[in-house]
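The values are calculated or read from the model by the stated rules, or taken from the named source; none is laboratory data. Since this is a predicted model, take the numbers as computed values, not measurements. Here the Cβ positions follow ideal geometry from the backbone for every residue, glycine too, while neighbour counts run over all protein chains shown. Each accessible area value is taken on the protein alone, full model and side chains, heavy atoms only, with ligands, DNA and RNA left out. Shrake-Rupley method; radii C 1.70, N 1.55, O 1.52, S 1.80 Å.
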Amino acid sequence: GWSELFGEGEENMIKKLAGCIREYKAAAILTPITVTFEVILEVIIPMLMAVLIDRGINRGSLPDILKTGALLVGCCVVSLLCGALSGGFCAKAGAGFAKNLRHDMFYRVQDYSFANIDKFSASSIITRMTTDVTNVQNAFQMIIRIAVRCPAMLIFALVMAFSVNAELALVFLVTTPILGIGLFIMMKSAFPVFNRVFKKYDNLNRIVQENLRGIRVVKAFVREDHETAKFKDASEDIYREFTLAERILAFNGPLMQLAVYGSILLISWFGASLIIKGQGAEGAMTTGQLTSMISYASQILMSLMMVSMVLVMITISRASAERIVEVLDEESTIKSPADPVTEVRDGSVSFKNVSFSYAGRKGTACLSDVSLDIASGQTVGIIGGTGSSKTTLVQLIPRLYDVTGGTLSVGGCDVRDYDIKTLRDSVAMVLQKNELFSGTIKDNLRWGNENATDEELVAACRLAQADSFIRDFPDGYDTYIEQGGTNVSGGQKQRLCIARAILKKPKILILDDSTSAVDTATDAAIRRAFAEDIPDTTKIIIAQRISSVQHADQIIVLDGGRVSDVGTHDELVARSEIYREVYESQTKGGGDDE
């Protein structure tokens, strides 16, 4: 049964997957209906063949031959039509089901918080949306067509076989249980292997993605052989597991052949005996009846063979179905409250005894007892060593993660009380890892404001010191950006990302080490533009260079996830040992002191 096949939780899994059929329900229902008509006609055909042989050919009756022959042709044509219709409906339902699955998974992933995303690797999500969905689609198509055809054929053919000759039909009661037990053992053995295979697919996809993303580094360090070896090992792992699974399933063919040919041999042997012994006797078996029994034997045993194919596909797809439902069942850890605040008053930010730990790292606090007050419109710098949780601190402001202790307020209101869209529309964040998408520069900039005019685009790019280099491109703002921004420099990419953030017209602008790839003169020009053109926007700048933050209204020094000190540049040089060491290391020997 389903519970035996899927184990615990199968009911939720089936319901969740069935919910993705939606507008393709009609096609999914019409498929088994047309299949049933096809099967009924196929079962009638052997009976008509028996009549044709016994009444027409053996007796030499032309009228019987013509009448029965016409019926046979009619049944074949209608059966063919039903088969074609069922195939069309099945294809439509299967493709639509797969489309909805991918749609629901993609939309669910868009709703994830960073904590949810941390649970799934990018390669795993891609495998689930491609290979796993294809497996489940194939299983679904088999279930609505083959899994209906097989039992229907089995039942109708058995009924017809027993109506022709009950004694001969007993042969099926011997072969069917043997087949069923053999198939069950094979499925039970093969499933754990397929489960392992899909985890190895994730690993293979991860290696390919990593290699393609870092292909320039691979070539720069001449590591092609190393990467090829990694890919070969992952591919070999999949090959070994699939080979093991196929070896188990390989017993299916011989078992089916044994059952089919054994049944036909027994029916032919006993049927021929009944014909010879019963010649002239009332109720004796005829040649036509024996022919129909052999046809029914083929139909019964072929339907069992198709059942085995369905079980194999369901076995393969079970692991895929579980992985898909994992994505669909995953609830975002960050949601808007029932009665959310829909307006951010200003850009003030207040941390009150805030602590934070990543999921899976309980007990290891990234931030501990952080208390800060940032006034609206202030420029705030954040300095700290690697691993001091600077990025983690600012990611809490737009609720990319939620605090695990204390309270964080924006505009005088706890961030957890805001509508998420309202809060994030008011906070623009240029991430440490800058991302551009394939499309023109205009397309990328309009991520900040899809309705921005060309004049607004230019104004934002001037603020970010990007306008001049954009105009140097032959196509200007219509220049095509390759995926990931690989055809622009690091500094150009950073400035485009800053311009994109400015277009949001946020109340809070966060730059997470976002000017590290630009020269100090350009960095200074960006800061001057911020001060002059967006004075009311709260600007939070994470930087490694003292020159990027020394003119800030206040500078926060982080150390080991705690606030070490807060003050102006001059105050921190005087009293903060950490800040003074960084400052002296960067200015010693005539470094910049912008």
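For segment 413-522, the Stokes-Einstein estimate of translational diffusion at 10 °C and a viscosity of 1.306 mPa s comes to 111 µm²/s, using the Kirkwood hydrodynamic radius over alpha-carbon pairs. Ranked by the mean number of other Cβ atoms within 10 Å of their residues, highest first, the peptides 130-142, 78-90 come out as 130-142, 78-90.
Modelled this way, with points 7 Å down the Cα-to-C-beta line, the labels at V159 and R462 are 8.3 nm from one another. Segment 470-494 and segment 143-178 have Cα centres lying 68 Å from one another.
Leaving ligands, DNA and RNA out of it, rank E343, E456 by accessible area with a 1.4 Å probe, largest first.
On the way: E343 140, E456 60 Å².
The most accessible residue leads, giving E343, E456.
Among 236-243, 260-267, sorting by the average number of other beta carbon atoms lying within 10 angstrom of each residue, highest first, gives 260-267, 236-243.
Maximal additional length on extending the A91-D443 stretch stands at 123.1 nm, based on 0.36 nm per residue less the C-alpha distance. Taking every alpha-carbon pair under 8 Å whose residues sit at least 6 apart, segment 448-594 reaches a relative contact order of 19 percent. Remark on segment 106-262: Rg and Dmax equal 23.3, 78 Å (Cα only). Counting only residues at least eight positions apart within a chain, or on another chain, the aspartates and glutamates with an alpha carbon under 12 Å from that of K99 are E23.
Within the full protein context, the accessible area of M160 is estimated at about 40 Å² for a probe radius of 1.4 Å. Between T342 and M309, the distance separating the two model label sites (each 7 Å from Cα on the Cα→Cβ line) works out to 5.6 nm. Protein heavy-atom accessible surface, 1.4 Å probe, per residue over the chain: 49 Å².
Placing +1 on each Lys and Arg Cβ and -1 on each Asp and Glu Cβ, with no other charges, gives the chain a dipole about its Cα centre of roughly 2040 debye.
Per-residue ellipticity at 222 nm from helix content only, as computed over the chain with -39500 (n - 2.57) for each DSSP H run of at least four residues, stands at -20000 deg cm²/dmol. For the modelled label position 7 Å from the Cα of N487 along Cα-to-Cβ, which residues of segment 440-475 have backbone nitrogen atoms closer than 11 Å? Residues 440-441, 474-475 fall inside that zone. As a quick test, which of the pairs K335/K505; K504/K539; K335/K504; K352/K390; K507/K539 have an alpha carbon distance above 19 angstrom in this structure? Flagged as over cut-off: K335/K505; K335/K504.
Only protein atoms count toward the accessible area here, which uses a 1.4 Å probe; on segment 514-594, the carbon and sulfur part of that area reaches 43 percent. Report which label in [x] 1.42; [y] 1.01; [z] 1.25 holds the value of Cα Rg over 2.2 N^0.38 Å derived from the coordinates of this structure. Answer by label: [x].
Using a cutoff of 8 angstrom between alpha carbon atoms and counting only pairs six or more residues apart, the relative contact order for segment 15-163 works out to 39 percent. In straight-distance terms, cross-link reach from K188 covers every one of the lysines whose alpha-carbon lies under 22 Å from its own, apart from those fewer than eight places away in the same chain; here that gives K199, K200.
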